[in-house]
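Chemist: One structure, as structure tokens, below. Some questions next.
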Amino acid sequence: MKKALLVFLILFTTSIFSQELQKYDYAEVIVLQKVAKDKSVFKQIYLNSSTENSLDKSKIEALENNSKLLLYMNSLHWEYVDRLGSQPSNSGPIWINYIFRKKK
């Protein structure tokens, strides 16, 4: 009985310690873009991050469109999580908020 209890306790404690919580760095890229003649053009980029990282705002600002932004972030091993878009007025610019995460 004592051996069975000891084996159970060993297995239980090792299973608890083997379950590691995933830790992520988060980055938020806010894109202000203007739609003109059926083509969207980046006007301004805002970059917020949960930690210091290798993201270079000037390289992100040099990107031309949303698909290139996603490819660039993917090449740096940032995982796309969510996107939220907003257009305050019919003729105004579009705000798009991208959320990315990267394993620590």
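Chemist: What are the residues in segment 51-86 that are surrounded by 13 or more Cβ atoms within 10 Å (Cβ to Cβ), at pLDDT below 85 and part of a loop (DSSP other than H, G, I, E, B), if any?
Modeler: Once the filter is applied, which keeps residues that are surrounded by 13 or more Cβ atoms within 10 Å (Cβ to Cβ), at pLDDT below 85 and part of a loop (DSSP other than H, G, I, E, B), segment 51-86 yields 53, 55, 63, 65.
Chemist: Please work out which residue is surrounded by the most Cβ atoms within 10 Å (Cβ to Cβ), limiting yourself to segment 91-104 and to residues that are out of contact with any Leu (no Cβ under 8 Å at 6 or more places or on another chain) and closer than 16 Å to residue 32 by Cβ.
Modeler: The selected residue is 92.
Chemist: If the requirement is being modelled with pLDDT of 80 or more and of a type in the set (Val, Ile, Thr), which of these qualifies: 10, 30, 16?
Modeler: Only one candidate qualifies: 30.
Chemist: So in segment 83-97, with the set limited to residues that are in contact (Cβ under 8 Å) with a residue 12 or more places away in the chain and over 15 Å from residue 49 (Cα atoms), which one is nearest to the chain's Cα centre (by Cα)?
Modeler: 83
The values are calculated or read from the model by the stated rules, or taken from the named source; none is laboratory data. A quick note: this is a predicted structure, and the numbers were derived from the prediction, not measured. Cβ: placed from backbone, ideal geometry, glycine included. Neighbour counts: every protein chain shown.
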